[in-house]
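Colleague: Below is one structure. I have some questions about it.
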């Protein structure tokens with residue numbers, strides 16, 4: 001399971017020009033699910049998302065987590081994140097989870113996030129979405145579990 005995370009000042013996700021998920025200061029996480037992923041990996045990813053120290057402390061050092069600042073978490077499914085791009089000019093999606101497993105594990109991650117944290121928003125699995133964001137820094141990391 002992979003998540004491309006971005007520290008944001010604001011982020012929103014829209015479907016058909018209607019905003020369906022929105023946060024202010026926090027983390028936008030684009031989440032990709034691979035065929036060998038499990039709920040245990042989703043749990044590990046959520047732990048990282050909530051505790052990864054990418055927010056500045058009083059000394060302008062990245063020492064604070066999402067939990068510390070009580071920021072928002074915007075989870076968006078991102079099928080293309082698991083593409084193999086090492087060769088050729090067209091991405092391969094052979095390691096991606098099939099849509100049923102991908103949706104099941106993404107929804108599991110989302111459900112766990114909502115149980116453990118109170119500022120969680122999301123996109124719509126499988127939909128064509130538009131994301132607006134103000135990347136703060138910019139700060140972007142690829143998390144893999």
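Colleague: I'd like to check something: does segment 110-117 contain any residue that is loosely packed, with under 14 Cβ neighbours inside 10 Å, at pLDDT 95 or above, out of contact with any helix residue (DSSP H, G or I) (no Cβ under 8 Å at 6 or more places or on another chain) and over 18 Å from residue 28 (Cβ atoms)?
Modeller: Looking for residues that are loosely packed, with under 14 Cβ neighbours inside 10 Å, at pLDDT 95 or above, out of contact with any helix residue (DSSP H, G or I) (no Cβ under 8 Å at 6 or more places or on another chain) and over 18 Å from residue 28 (Cβ atoms), one finds at least one in segment 110-117, hence yes.
Colleague: Okay, moving on. Name the strands (runs of 3 or more DSSP E) wholly inside segment 25-101 in which the number of residues that are more than 22 Å from residue 10 (Cβ to Cβ) is 1 or more. Steps first, please.
Modeller: Working: elements: 26-32, 62-64, 72-77.
Correct list: 26-32, 62-64.
Colleague: Modelled with pLDDT of 95 or more, closer than 11 Å to residue 27 by Cβ, under 13 Å from the mean Cα position of the chain (by Cα) and surrounded by 15 or more Cβ atoms within 10 Å (Cβ to Cβ): does that describe residue 143? Can you show your working first?
Modeller: On the way: modelled with pLDDT of 95 or more: yes; closer than 11 Å to residue 27 by Cβ: yes; under 13 Å from the mean Cα position of the chain (by Cα): yes; surrounded by 15 or more Cβ atoms within 10 Å (Cβ to Cβ): yes.
In short, yes.
Colleague: Continuing with this model, one more query. Would you say residue 122 is over 24 Å from residue 19 (Cα atoms) and touching a helix residue (DSSP H, G or I) at 6+ places or on another chain (Cβ under 9 Å)? Write out each step before concluding.
Modeller: Details: over 24 Å from residue 19 (Cα atoms): no; touching a helix residue (DSSP H, G or I) at 6+ places or on another chain (Cβ under 9 Å): yes.
So residue 122 fails the test.
Colleague: Of the residues in segment 9-24, how many are in a strand (DSSP E or B) and farther than 11 Å from residue 73 by Cα?
Modeller: Looking only at segment 9-24, we keep the residues that are in a strand (DSSP E or B), and these are 9-15, 18-23.
Right, trim to farther than 11 Å from residue 73 by Cα and you get 9, 13-15, 18-20.
Total satisfying the criteria: 7.
Colleague: Of the residues in segment 51-80, how many are under 16 Å from residue 112 (Cα atoms), within 14 Å of the chain's Cα centre (by Cα) and surrounded by fewer than 18 Cβ atoms within 10 Å (Cβ to Cβ)?
Modeller: Here is the first cut: in segment 51-80, the residues under 16 Å from residue 112 (Cα atoms) are 51, 66-67, 72-77.
Still in the list and also within 14 Å of the chain's Cα centre (by Cα): 51, 66, 72-77.
Checking the rest, the ones that are also surrounded by fewer than 18 Cβ atoms within 10 Å (Cβ to Cβ) come to 51.
Going through segment 51-80 one residue at a time, the tally reaches 1.
The values are calculated or read from the model by the stated rules, or taken from the named source; none is laboratory data. Predicted, not measured: the structure shown is a model, and the values here were computed from it. Every residue, glycine as well, gets a Cβ built from its backbone with ideal geometry; the counts of neighbours run over all protein chains shown.
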